[in-house]
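A.B. asks: Once you've had a glance at the structure underneath, I'll fire off some questions.
The values are calculated or read from the model by the stated rules, or taken from the named source; none is laboratory data. What you see is a predicted model, and the numbers here were worked out from it, not measured in a lab. Glycine gets a Cβ as well: all are built from the backbone with ideal geometry, and neighbour counts include every protein chain shown.
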């Protein structure tokens, strides 16, 4: 599929990797719709390029909010060719913190929050978008941003489990809906230099991680966009997890 002229829906496109993807896809000639939780960021996106980027405030972990937003998008005449499930949060917390004098066991509230943001959202948005793709007989593409943590990363139980679930859904949906002309790909970045990465991990841990990466550096957001572009343009690619991790294997 050609990016130029494609209708692309991006979740969580107001900051970080999502914002970078929106900017790069716009420059490549795509028409974009963004689902973003942060209302001020929606306003910024709407002012960026009113003719080719529209942003809606939506909590993609809320099934009813997703249903309303996707219906609004379709009714506006924006028939989605590509969905990029990017929205999510990074969270680090050990299963048991033996040094804690208060709550030693991983917070159940945090577990649910991460699973809702990182896995439930992918299910909610994809199911509604794919239903409309099938109704329009579109040969659509769903790209979900996963993570190297899907292999299991110490100290990230919830995040690792959620991203492993994203990979499993990608494989499942590729088999289930490939005969209808739909493709499903996951892009699994390693440690990418973004504000959310630096907020989740200390500088000491980041320096240690860089030494573990064969390329000896954090990845740039442009590497993620290149993987997304490849996934869109390669019409025989489906059911794959594209690892963008500098050679690091957890």
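A.B. asks: Does residue 122 meet the test of being modelled with pLDDT of 95 or more, crowded, with 23+ Cβ neighbours inside 10 Å and within 29 Å of residue 1 (Cα to Cα)?
C.D. replies: yes
A.B. asks: Give me the residue from the range 90-112 that is in contact with a helix residue (DSSP H, G or I) (Cβ under 8 Å, 6 or more places away or on another chain) and not in a loop (DSSP other than H, G, I, E, B) and, out of that set, farthest from residue 162 (Cα to Cα).
C.D. replies: Across the range 90-112, the extreme among qualifying residues is 93.
A.B. asks: May I pose another question? Which of the following residues is over 15 Å from the mean Cα position of the chain (by Cα) and either modelled with pLDDT under 95 or at negative phi (or both): 65, 87?
C.D. replies: Selected residue: 65, the only one of 65, 87 that is over 15 Å from the mean Cα position of the chain (by Cα) and either modelled with pLDDT under 95 or at negative phi (or both).
A.B. asks: Might you let me know whether the range 103-111 holds any residue that is within 25 Å of residue 228 (Cβ to Cβ) and modelled with pLDDT of 95 or more?
C.D. replies: There is no residue in the range 103-111 that is within 25 Å of residue 228 (Cβ to Cβ) and modelled with pLDDT of 95 or more.
A.B. asks: For residue 92, only one of the following conditions fails: (1) in contact with a strand residue (DSSP E or B) (Cβ under 6 Å, 6 or more places away or on another chain); (2) surrounded by 20 or more Cβ atoms within 10 Å (Cβ to Cβ); (3) closer than 28 Å to residue 189 by Cα. What is its number?
C.D. replies: The one condition residue 92 does not meet is (2).
A.B. asks: Looking for whichever is on the phi < 0 side of the Ramachandran plot, without any contact (Cβ under 8 Å) to a residue 60 or more places away in the chain and touching a helix residue (DSSP H, G or I) at 6+ places or on another chain (Cβ under 9 Å) here; the options are 142, 129, 122. Which one fits?
C.D. replies: When all the criteria are applied, what remains is 122.
A.B. asks: Ok, one more. Considering only the range 227-242, I want to know if a residue exists there that is crowded, with 20+ Cβ neighbours inside 10 Å and more than 14 Å from the chain's Cα centre (by Cα).
C.D. replies: Yes, there is a match, as at least one residue in the range 227-242 is crowded, with 20+ Cβ neighbours inside 10 Å and more than 14 Å from the chain's Cα centre (by Cα).
A.B. asks: Can you pull out every residue in the range 7-26 that is over 12 Å from residue 222 (Cα atoms) and in contact (Cβ under 8 Å) with a residue 60 or more places away in the chain?
C.D. replies: Correct list: 7, 8, 9, 10, 11, 12, 13, 15.
A.B. asks: Still on this model: I need every pair where a residue in the range 220-233 that is in contact (Cβ under 8 Å) with a residue 24 or more places away in the chain has its Cβ under 7 Å from the Cβ of a residue that is part of a helix (DSSP H, G or I), sequence separation at least 6 or different chains.
C.D. replies: Note: pairs meeting the criteria are 221/17; 221/20; 224/17; 225/20; 225/21; 225/24; 228/21.
A.B. asks: Just give me the residues in the range 2-30 being closer than 18 Å to residue 72 by Cβ and over 18 Å from the mean Cα position of the chain (by Cα), in sequence order.
C.D. replies: Scanning the range 2-30 gives no hits.
A.B. asks: Would you confirm, using the coordinates I've provided, whether residue 174 is touching a residue at least 24 places away in the same chain (Cβ under 8 Å), out of contact with any helix residue (DSSP H, G or I) (no Cβ under 7 Å at 6 or more places or on another chain) and over 28 Å from residue 70 (Cα atoms)?
C.D. replies: no
A.B. asks: While we're looking at this one, here's another question. Quickly run through the range 65-89 and pick out the residues that are free of Cβ contacts under 8 Å to residues at least 40 places away in the same chain and either assigned to a loop (DSSP other than H, G, I, E, B) or crowded, with 16+ Cβ neighbours inside 10 Å (or both).
C.D. replies: The answer is 65, 69, 76, 77.
A.B. asks: Please work out if residue 174 is assigned to a helix (DSSP H, G or I), surrounded by fewer than 22 Cβ atoms within 10 Å (Cβ to Cβ) and touching a strand residue (DSSP E or B) at 6+ places or on another chain (Cβ under 6 Å).
C.D. replies: yes
A.B. asks: Any residue in the range 191-208 that is within 24 Å of residue 8 (Cβ to Cβ) and modelled with pLDDT of 95 or more?
C.D. replies: no
A.B. asks: Across the range 177-215, what is the total count of residues that are within 21 Å of residue 247 (Cβ to Cβ) and either out of contact with any strand residue (DSSP E or B) (no Cβ under 7 Å at 6 or more places or on another chain) or surrounded by fewer than 14 Cβ atoms within 10 Å (Cβ to Cβ) (or both)?
C.D. replies: Number satisfying all stated conditions: 15.
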